[in-house]
Amino acid sequence: MDFRGQYPHIICMRPPPPDTPANPEQKLSYQLKSFGRLWPYMWSGGGLRDRIRIIAAIILTLVSQIILVIAPFGVGYSVDAVKAALDAGSIWADSAVVIIGLIFGYGGLKLLSTVLNEAREYIFAPVGQRAQREVATATFAHLHKLSLRFHLEKRTGGLSRIIERGIRSIDFLFRFLLFNIGPTFLLLAFSCTALMLAYSWEYAAIALVVVVAYVWFTFATTEWRLKFRREMNKQDTEANAKAIDSLLNYETVKYFGAEEFETARYDSAMAIYQRAAIKSRTSLATVNIGQSFLMNAGIVALLILASYQILGGALTVGAMVTIPLVMQQVYRPLNILGFAYREIKQALTDMEKMFALLDLQPEVTDREDATPLTDVKGRIVFDNVHFRYEPDREILKGISFTAEPGQTIAIVGPTGAGKSTLSRILYRFYDIDGGSVTIDGVDIRDAQQLSLRQRIGIVPQDTVLFNAGIGYNIGYAKEGASQAEIEEAARAAQIHDFITGLPKGYDTQVGERGLKLSGGEKQRVAIARTLLKNPPILILDEATSALDNTTEREIQAALDNARGGRTTLVIAHRLTTITGADKILVMEDGHIVQQGTHDELLRQGGLYEELWARQGEMA
Ligand code: ATP
């Protein structure tokens with residue numbers, strides 16, 4: 001009996017995506033070092049103007065915090081003034097003036113502090129944005145410098161997410177550390193100093209001890225709560241994965257009448273989520289109560305001390321108003337410390353990942369004395385080339401051949417023999433492990449990569465296009481190419497008529513990776529852009545997928561156009577297309593096992609004759 005009929009969920013179930021919480025083991029000091037790496041982008045990147053902005057932002061921060069500290073003391077002194085006026089039997093009007101002055105003075109100072117804060121954001125925003133842009137651009141440019149090996153191993157979506165999150169983290173860190181947490185601690189320092197100068201050191205000491213306890217408590221409880229949040233996120237992901245999987249399998253669920261089973265499965269995932277969410281929420285209450293207790297205990301302690309001193313005549317009643325106002329100012333921003341701590345840790349991890357990308361060394365680099373390849377005639381020599389992608393598997397095992405300028409060299413052989421690898425080596429996507437590759441006698445490792453790649457054109461096996469217009473994709477080969485040049489290349493590649501027949505002509509969007517075009521059309525776009533590039537060396541990596549006869553003939557004609565006078569390496573699967581080649585290299589398992597013209601090879605017998613006979617049978 002087929003058990004799958006009974007247990008449809010076994011077939012449908014997909015493992016839930018792995019949870020990726022911030023690594024809790026990550027050392028904060030290490031992460032802070034990443035933060036330090038941002039500083040040069042801030043300070044040195046934008047010249048004198050930006051430095052002035054940074055200094056102005058710091059001064060505004062200082063001034064706004066000083067104003068915040070002064071305001072409550074102003075209230076205290078005003079209260080004392082009112083009391084003095086009343087004690088002196090002064091008329092009501094005098095006291096009213098003081099009270100109104102007090103309201104406006106206090107309100108005005110608080111408003112001024114807010115205005116200064118906003119002015120600081122206004123002044124600093126261009127610096128922060130410029131630094132973000134520079135880091136993003138540097139990372140992006142660096143990604144293009146990294147080797148093909150790196151890109152094949154990385155998920156592109158993952159890379160863009162690292163950059164995106166890294167950039168967002170820069171903004172977040174600056175906003176929080178420089179404009180929120182930093183000023184709060186500054187405010188604390190100023191407030192303690194003011195309390196000490198205005199009253200006595202005991203006030204400063206109590207305020208400081210309470211804030212330290214508050215911060216410690218917040219950090220400790222946030223760490224404790226993190227595990228509930230992680231559990232909550234994990235269960236959320238899991239419930240989502242189950243829901244999506246189940247809906248994707250809508251038909252299968254119906255086939256097996258498993259609606260109730262699916263609903264129960266989803267509900268059980270949601271139940272676990274619910275438990276984690278409740279824990280997360282109730283634990284927040286503990287944090288809030290603890291914070292409130294510490295905060296108010298601190299204020300009460302200060303007020304008790306103040307009452308004693310007022311009764312003893314050492315302080316005036318104004319202190320009873322000033323102290324709670326000062327302390328509340330310090331506590332209010334500390335309220336979000338737990339959230340900020342968690343987010344800052346996450347932001348530091350994100351930023352660190354981005355900097356780790358920036359630290360990766362490109363595998364293939366230009367030597368310091370590398371020279372540009374100019375005036376290339378097109379003599380290519382592979383001399384005893386050895387190469388491996390992975391250390392324990394050699395792919396090219398001593399390849400030697402010469403292509404004279406203008407010759408067409410065909411490379412044939414069974415799949416996986418290493419044919420396309422030759423083109424990647426010639427392009428220097430990888431460095432070889434032994435032997436040498438020269439163009440016109442220059443070792444390609446001594447040439448500048450950019451100039452090397454400018455001299456070679458490729459029509460790859462699978463053409464990938466940009467998600468833009470056809471015209472854009474062809475013009476990509478030559479910066480500033482005119483429409484006439486693009487059309488001429490398209491004509492030579494036998495695709496002009498097809499393009500002009502489309503409703504939007506050269507502006508037709510080709511879709512992601514060019515998926516809206518057929519294989520044959522994409523290949524002709526690739527041929528057109530290679531023709532526009534006009535390189536002295538050409539690599540044609542024949543498509544493995546079968547094309548119909550008409551398309552194949554058209555493409556062949558386009559390729560013949562492309563070849564004219566250039567040294568051409570043709571990686572061929574259909575031997576009929578390369579019978580006219582000047583030389584055919586027959587590759588097998590990383591070796592060249594035969595070479596010669598078509599007729600010579602047929603006469604020799606061996607692998608080539610075998611391949612030829614096999615294709616003849618299939619045709
Ligand atoms: P085909 O005719 O199918 O295109 P080919 O002769 O062009 O094959 P290559 O693409 O050169 O073959 O690959 C040669 C061998 O190297 C294959 O066995 C392939 O699995 C392996 N290979 C290719 N690229 C990589 C890579 N990036 N990492 C590891 N191994 C690779």
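The values are calculated or read from the model by the stated rules, or taken from the named source; none is laboratory data. Keep in mind that this is a model prediction, so the values were computed, not measured. Counting neighbours? That spans all protein chains shown, and the Cβs are built from the backbone with ideal geometry, glycine included. Please note that ligands, DNA and RNA were not included when accessible areas were found on the heavy atoms of the full protein model with its side chains. Shrake-Rupley method; radii C 1.70, N 1.55, O 1.52, S 1.80 Å.
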Exercise for the section: Being farther than 15 Å from Gln132 by Cβ and open to solvent by 70 Å² or more (accessible area, probe 1.4 Å) is the filter here, so list the residues in region 171-192 that pass it. Expected result: Phe185
Completion exercise
Residue set Ala71, Ala81; condition aliphatic (A, V, I, L, M), open to solvent by less than 50 Å² (accessible area, probe 1.4 Å) and over 22 Å from Phe185 (Cα atoms); output residue Ala81
Fill in the blank from the handout: Leu195 meets each of (1) open to solvent by 40 Å² or more (accessible area, probe 1.4 Å); (2) closer than 21 Å to Tyr331 by Cα with one exception, condition (1)
Exercise for the section: Starting from residues that are open to solvent by 50 Å² or more (accessible area, probe 1.4 Å) and either outside any helix (DSSP H, G or I) or aromatic (Phe, Trp, Tyr) (or both), keep the ones in region 85-112 and report whichever is modelled with the highest pLDDT. Expected result: Tyr106
Fill in the blank from the handout: Within region 459-493, residues within 16 Å of the ligand (Cβ to nearest atom) and either outside any loop (DSSP other than H, G, I, E, B) or in contact with a strand residue (DSSP E or B) (Cβ under 7 Å, 6 or more places away or on another chain) (or both) come out as Val459, Pro460, Gln461
Exercise for the section: Could you give me the residue pairs with C-beta distances under 6 Å whose first residue belongs to region 374-403 and is under 16 Å from Arg428 (Cβ atoms), whose second residue is acidic (Asp, Glu) and away from the ligand (no atom under 14 Å from the Cβ) wherever it lies, and which are 6+ apart or on separate chains? Expected result: Val376/Asp440
Exercise for the section: Please enumerate the residues belonging to region 113-130 that are open to solvent by less than 40 Å² (accessible area, probe 1.4 Å) and of a type in the set (Phe, Trp, Tyr). Expected result: Phe124
Problem - Filtered residues of region 352-395 (kept if open to solvent by 60 Å² or more (accessible area, probe 1.4 Å) and either among the aliphatic types (A, V, I, L, M) or within 17 Å of Gln449 (Cα to Cα) (or both)) - result: Leu360, Gln361, Glu363, Thr365, Asp366, Arg367, Glu368, Asp369, Thr371, Pro372, Thr374, Asp375
Problem - Hey, Arg168 open to solvent by 30 Å² or more (accessible area, probe 1.4 Å) and in contact with an Asp or Glu (Cβ under 8 Å, 6 or more places away or on another chain) or not - result: yes
Handout entry: Among (1) within 21 Å of Gln494 (Cβ to Cβ); (2) of a type outside the set (Lys, Arg); (3) open to solvent by less than 40 Å² (accessible area, probe 1.4 Å), the one test that Met587 misses
Key = (1)
Exercise for the section: Give me a count of the residues in region 429-458 that are within 16 Å of the ligand (Cβ to nearest atom) and under 27 Å from Asp560 (Cα atoms). Expected result: 3
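Yes/no matrix, rows are residues, columns are (1) within 30 Å of Tyr308 (Cα to Cα); (2) out of contact with any Lys or Arg (no Cβ under 6 Å at 6 or more places or on another chain); (3) modelled with pLDDT under 85:
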residue	(1), (2), (3)
Gly182	no, yes, yes
Val211	yes, yes, no
Asn240	no, yes, yes
Ala258	no, yes, no
Practice task
Looking at (1) closer than 30 Å to Ala207 by Cβ; (2) touching a Cys at 6+ places or on another chain (Cβ under 6 Å), find the lone condition where Gly313 falls short.
Solution key: (2)
Problem - Residues that are free of Cβ contacts under 8 Å to residues at least 60 places away in the same chain and farther than 16 Å from Asp80 by Cα, drawn from region 289-311 - result: Ile289, Ser292, Phe293, Asn296, Ile299, Val300, Leu303, Ile304, Tyr308
Problem - Single residue of region 138-190 satisfying the filter (assigned to a helix (DSSP H, G or I) and within 16 Å of the ligand (Cβ to nearest atom)) that is nearest to Leu348 (Cα to Cα) - result: Thr156
